[in-house]
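Encoded as structure tokens, the structure appears first; notes follow it.
The values are calculated or read from the model by the stated rules, or taken from the named source; none is laboratory data. Quick caveat, the model's predicted, so the values are computed rather than measured. Counting neighbours? That spans all protein chains shown, and the Cβs are built from the backbone with ideal geometry, glycine included. Protein only, heavy atoms only, side chains kept; ligands, DNA and RNA dropped before computing areas. Shrake-Rupley method; radii C 1.70, N 1.55, O 1.52, S 1.80 Å.
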Amino acid sequence: MTLADAPLPPPVDAPGRAGIPYQDLIRPLQVHGSLYTDPAIFADELAKIWYRTWVYVGHVSEIAEPNDYVRKNIGPQDVVMTRDAAGEVHLLLNRCAHRGNLVCEADSGNSSSFRCPYHGWTYRNTGEMVGYPLVQGYGGKKQFSLGLGRVPRVAVYQGFVFGSFAEEGPTLREHLGEAAGEIDRLVRLSPEGEIEISAGWLKHRARANWKLLAENETDGYHPQFVHSSIFSVAQSGIGALYGDKSTAVTRALGNGHSENDLRPEFRRIGTPLGWFGTTEARMPDYSAKMRSLHGDAAEEILIDGGPHVMIFPNLFIAEIQMFAIQPLAANLTVQHVTAVQFKGAPDMNRRMLQQCVGSVGPAGLLLADDTEMYERNQAGVAELRPEWLDVRRGAHREYVDERGLTVGGATDETGMRGFWAHYKQLMTEGRAS
Ligand code: FES
């Protein structure tokens, strides 16, 4: 057996492997409650989305040195992201080819190989077998060579590592489409053109379906209600960005991606670093580096700030924070959260870390509010009536912009409708992305 024969998730039969009539459950302006609660639908999503399309896994800065590794996930799959001695990135499944034990125990480290604790089979950090003890039991040395399972396609965009269990299909760049530009916007805020994921990850468990989280990320309708406490405590103007008078927009970026584009408001206000709640005078080192690097263009970059984008199905970038959504069951999801760090910007990084802890840390006010809503939503959709959830907000005032993308108001459900259109396509047509 070779590595290529290593076990992978089962193939997808399309459409409707479980006989689920998605075309009837997803209407243009409504979605059925069973989509959030039915274990059969969750199993079908694993096959047709999580084990098929491109999923965000990690960032190259988390395995900066040769032989670094870090444990990640694709849905319930335990994935080890490694960098081999030559610098290549691999995504390996954490399962011994002998009797299925977990091979990698530590959350992260540096090693060229992994030794299974059960019977000592050992694998390189590229997945190939190194060897096994007591070789006579197998008829002598090198009688066979089993390897760790691999995520067959691995691709990197601006340091963001994605994996796809589909052997073939759209490229990562095709999957990202218009969302790639939002990642570019984030990276552009670094004075050295690179971000680093070095602040550590927090894990928040929510007794809720993963789609409630994904939908909420660019729901501009909820902030002024759910987050009013943090906005008032922090004397933040963010709430006003998501009001009826806001010039910000919600945009469906295609392929299920969406954004809250807050730039119109930040440009109207016109304060560099205003998006971050500060001024250039309070961030002199960072501002000087950015102005030196970008010249006249720095003004607009510093006014525009970072993206607020949900990249289907699991990566959410909220200006200074990154979230990775991990579905574990129809009613259980883990949200992994970290502060973005800009290479070469220690003053900015300190403040980003502080803000991240205050908003999404264990005692933070922002994500606790959201998680309360996720769990209340999950409890609510389990009720029998009414059967449908409504996603019509702003449909009457949407328009198509010069890029051919659908745009709604700051509080409209344009992003959700884009999410569901792509979801329906994946679940009924079995497309890879
Ligand atoms: Fe890993 Fe036996 S299960 S060596």
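The figures follow:
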quantity: Residue-wise HN-Hα coupling along the range 183-199, computed from phi with Karplus coefficients 6.51, -1.76, 1.60 (Hz; x: Gly, Pro); calculated: 5, 4, 4, 5, 5, 5, 7, 8, x, 10, x, 9, 9, 10, 9, 10, 8
quantity: Tensor-based shape of the range 303-378 (alpha-carbon gyration tensor, a/c under 1.5 rounded, otherwise prolate or oblate); calculated: prolate
quantity: Cα centroid separation, the range 352-404 to the range 162-191 (Å); calculated: 23 Å
quantity: Among Val57, Val79, Val103: highest mean-square fluctuation, GNM of the chain, C-alpha pairs under 10 Å; calculated: Val103
quantity: Backbone N under 17 Å from the Ala43 label point (7 Å along Cα→Cβ), restricted to the range 63-89; calculated: 76-77
quantity: Alpha carbon centroid spacing (whole Å) that separates the range 194-236 from the range 306-341; calculated: 9 Å
quantity: Per residue solvent-accessible surface (Å²) - the chain, probe of 1.4 Å; calculated: 43 Å²
quantity: Using alpha-carbon coordinates, inclination of helix 284-294 to the longest axis of the chain, degrees; calculated: 80 degrees
quantity: Residues whose placed amide H lies under 5 Å from that of Val130, excluding near-sequence neighbours; calculated: Thr122, Tyr123, Arg124
quantity: Whole-Å distance, taken between Cα centres, linking the range 289-305 and the range 410-429; calculated: 34 Å
quantity: Estimated 222 nm signal from helices in the chain, with DSSP H stretches of n ≥ 4 weighted -39500 (n - 2.57), rounded to 500; calculated: -7500 deg cm²/dmol
quantity: Phi to ³J(HN,Hα) by Karplus 6.51 cos²θ - 1.76 cosθ + 1.60 over the range 313-322, Hz, x for Gly, Pro; calculated: x, 9, 10, 10, 10, 10, 6, 10, 10, 10
quantity: Whole-percent carbon and sulfur share, accessible surface of the chain, 1.4 Å; calculated: 51 percent
quantity: Cβ-placed point charges (K, R +1; D, E -1), dipole of the range 190-306 about Cα centre in debye, nearest 20; calculated: 460 debye
quantity: Rounded to 10°, Cα long-axis angle of helix 366-381 versus longest principal axis of the chain; calculated: 80 degrees
quantity: Charged-residue dipole, Cβ positions (Lys, Arg, Asp, Glu), the range 132-177 about Cα centre, Debye nearest 20; calculated: 280 debye
quantity: Sequence-distant residues sharing a close amide H with Leu253 (under 5 Å, placed H); calculated: Ser258, Glu259
quantity: Heavy atoms of Val400: accessible area, 1.4 Å probe, square angstrom to 10; calculated: 100 Å²
quantity: FRET efficiency for Lys203 and Tyr118, using Cβ-Cβ distance with R0 set to 30 Å, rounded to 0.05; calculated: 0.70
quantity: Neighbour count of at most 15 Cβ within 10 Å plus DSSP loop: longest trypsin sites (Lys or Arg not before Pro)-free window in the chain; calculated: 246-391
quantity: Largest to smallest accessible area among Ser258, Ser61 [probe 1.4 Å]; calculated: Ser61, Ser258
quantity: Nearest 10 degrees, 0 to 90: helix 346-360 Cα axis against the chain principal axis; calculated: 90 degrees
quantity: Within a Gaussian network of the chain (alpha carbon springs, distance under 10 Å), most fluctuating of Ser198, Ser164, Ser232; calculated: Ser232
quantity: Value of relative contact order over the range 91-248, rounded to a whole percent, pairs C-alpha under 8 Å and six or more apart; calculated: 12 percent
quantity: Gaussian network model of the chain, Cα within-10 Å springs - most flexible of Gly19, Gly58, Gly140; calculated: Gly140
quantity: His98 - accessible surface, heavy atoms, 1.4 Å probe, Å² rounded to 10; calculated: 60 Å²
